[in-house]
Each structure stands twice: as structure tokens, then as C-alpha cells.
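See below for the structure under consideration.
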Amino acid sequence: MNLEEIVRLTRYLLSISILIQSFEMIQISNKLNDLLLLPLYQNLKIDNQNFWAQKIQHFFDLLYKKYFKFLIYTQILISLAFLCQGNSVFVFLLLLCHLLINFRFKGSFNGGSDYMTSIVMTGLFIYYLGQSKETLLTTQFGIYYIGIQSILSYFIAGIVKLKQKEWRNGTALKYICMYSNYTVPPWFIEIIQIKTFSCFLSWIVILLECLMPIVLFLIGNSVYLLISLFIFHIINYFLFGINRFVFAWLASYPALFYLSNRNFSF
Amino acid sequence: MIFQIILPLFRTLLPSWRFFERLTPFPKIYYKIIEAKDQQIISNEWQLLNPNNSKKRTIGKLFYNPEENLILAFWTQVEHLLNDISSLNSTDSHRIYELNSYINVLSVIKNEVKLKFPSCISFDFKIEIIHFDLSSNQVMPQNLQVLYSSGVSFNES
């Protein structure tokens, strides 16, 4: 696949991911009048604000209390336009909508998936900027940025687990399944308490995350690895309910594929 | 001041990717009904708030799962509330009940209690944090009460 095909696939996957997030957010916004009504961009009302702070606060109050749904519909329209036509303006507007929607929830609604969505948008924005100036280096940098951040997302998460004794012996995974506020299926809570099983599963996660960059570059053709990672995210959805992660990370896989097929000369 | 307000807008642009770096304590919320039209539901026992939709995860929900994502957002709000409480200085400590995160968390608790016990008039709730003693490999968590709110009434605006 050449760079243009990689970008086209990334654009499709990102647009689908944003459409899924947006339709969910419309349903969620119907409940926001009763639940989680107040935006979290400020903790307490501060009486002695300066003029501009008050203006900014007024703008966001208006946006989130009156025009939040309008913001989501705008995001849907732009992502449909982006699905048909890739350019820097559409992806910049998408990034702006994404940041504004997340700002209502103190910067992030859904944690990691919002981070990865922002990363893919930023990478594509850099690509289209480079394309308009006909700079191959900048266009490639946009895709490298997505690929490297995607590698880091697995590698750093793996290393921090590897460093902890409770992850290496399976206790951490067991405690997360038993006591965290994710709704984990009861059958899985039962089997995760078998020490050998929790230890084995922890090591699969640690190895998959830590060895991912090495396998990616050594093997070159990374399709099987990307399929394994995709299955890993699907399993996480069935165990923890985090469906947005599947599509957010999927949008970064074309860039990973592109990165793994480069011949780097060090 | 302006910088402080605006900064979280750009939060998702700078990821750390340190998922589960530490086994952070998990918050749990309990409530008990103190006043109700139906006297039988009044209890001295704390009940665990468990706002899960308990529906099966299907392939369809992989593409559209708003209920579960709202619940996940609620638990993130609880974490924000705990952070907000710990960052309040001593002169502001009485303002916990004015925190946006407190008001949001309370709105979800009220909704859950009302759904489960429609005749409830008022209730108490508390947030506990489950800590783990990893050094001694203790499986049993230790509970620590971090917030107690009494007499939450449905008549309040």
C-alpha cells in the first residue's frame, strides 16, 4: 500500500469511529439534563474573575447548556464530509469539535479512546498540510506521528505493567476484575481468581504490549500482529465494555502497517 | 486564571499512555434510605450503588453502547470529585457541596435510588475507597470513608 492508500483507509476508519462516538453522544446528551448536567471545566464559581475569564466562562456555559447537541450534529456532518473528501480544513474542524466535546467532561469523556482519536486527527492534519505544500517529508511525518503514538500506547502501557510485581504475578488483573467499577461478566471474575490463569493472562497482556514494537519491525509484514491487537481490543470490549477503544485504535493501524513496511537505515 | 480554565481543552493532545501504572484505589458508593412513603424500604443497611445496565454485551453494542459509556463517565466523575476534594484548601473545604463534580455525582445517585425505590423521599450516601495492601498480598480490601452526605431529599431543587 502506498501513502495515499494508507491515508484514505485511515480517513475512513477515523470517520467511522467519530460517527460511532457522535451517535452515542447524542443519546448521552439526552440524559445530561438530569445526569452530569454541569460541565467540569471549572470546579467552583470564583467571584473575583477578571473580564476575559468571565467572557470565556459565559461562552462555554452557553455552548454546553444550549448548543451541545448542535456541536455533536456539526461533528457528524463534518465527519460525513471528511469521509467523502479528505482535506486539512475538515480534519481541523473535526479536531476542534472533538476537543470542545471532551472539554465539557474536563478534557476527556472516555479516557484513552479520546486521546487516540485526537492523535489520529492531528496526524492526518499534518499530512494534509504537507500535501497542500507538496512536502513528502511533512506528509510522511503525519503518518509516522500516528504510528509512533500507537506503538507508544502499547509499549508504555506494557512497560509500566512489567515493572510492577502485582502485574507480573497476576494480582493486579484479578483486583481490577473483582473491585473496579467496570462491569465484568461474573463467569470471568470466577475464573480470574485461579492464580495460574490470572498470572498467565497478565503475562500475555504484558508480552503483547511490550514486544509489539519489536515484532512489528522484525517481521515487517504486520497483518497478523494487527489482527491479534484488534482481537485483544474486542476481548477488552466483551470483558470491560470499552467499545470506543476498538475503533479509536483501529484507525491507527494503517499507519502502523505503513511504518512496519519502511526500510529504515540507522 | 484564563490559562487554568482553558488548559484541559488540550488534554487529549498530550497522552501519557500509562494505563494502570498504579493499582489506584477504587471508589465505591453506598446509600441507605431514611425516609420513604413505603416504610418497608427504610433500612439501616448500606446498599452498594451499582449503576450497570446488566444487559449482555452483544456485537451490536460494539458499535453503539451509550448506556455503558455514560456509566463509565459517571465513575470518572467520581474520580474527579475525589481529586477536587483533595485539592480544596482548608478555607474552601466547606464548599464541597458546591463542586460541579459533587452535584453531577449526586444527580446520578439520586437517579439510581429513584429508579430502584420510587417511593423514597430522602436518603444518605457515602463514598468509600477500596485500598489494597499489596506488600502483604492481602486479598481483603480496606475501606476508608471519604465522604458522607446525610439527608439528601428528592424535594430539593
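The values are calculated or read from the model by the stated rules, or taken from the named source; none is laboratory data. Being a predicted model, the structure only gives us computed values, none of them experimental. Quick reminder, even Gly has a Cβ in these numbers, built from the backbone with ideal geometry, and neighbours come from all protein chains shown.
Among the residues making up segment B:50-63, those that are more than 7 Å from chain A (Cβ to nearest Cβ) and not in a helix (DSSP H, G or I) are B:Asn50, B:Pro51, B:Asn53, B:Ser54, B:Lys55, B:Lys56, B:Thr58. Among the residues of segment A:142-151, is there at least one that is touching a residue at least 12 places away in the same chain (Cβ under 8 Å), touching a helix residue (DSSP H, G or I) at 6+ places or on another chain (Cβ under 6 Å) and at the interface with chain B (Cβ under 8 Å from one of its Cβ atoms)? The answer is yes; a qualifying residue exists.
If only residues of segment B:41-97 that are among the charged types (D, E, K, R) and surrounded by 13 or more Cβ atoms within 10 Å (Cβ to Cβ) are counted, the one that is nearest to the chain's Cα centre (by Cα) is B:Glu79.
The C-beta contact set for segment B:64-82 (first residue more than 7 Å from chain A (Cβ to nearest Cβ), second residue surrounded by fewer than 20 Cβ atoms within 10 Å (Cβ to Cβ) and of a type outside the set (Val, Ile, Thr), distance under 7 angstrom, 6+ apart or interchain) comprises B:Glu67/B:Asn53; B:Ile71/B:Asn52; B:Val78/B:Pro27; B:Glu79/B:Pro27; B:Leu82/B:Pro27. Within the option set A:Leu83, A:Leu77, being modelled with pLDDT of 95 or more and under 21 Å from A:Leu250 (Cβ atoms) holds for one residue only, A:Leu83.
Only residues that are outside any strand (DSSP E or B) and without any contact (Cβ under 8 Å) to a residue 60 or more places away in the chain were counted in segment B:11-49, giving 19.
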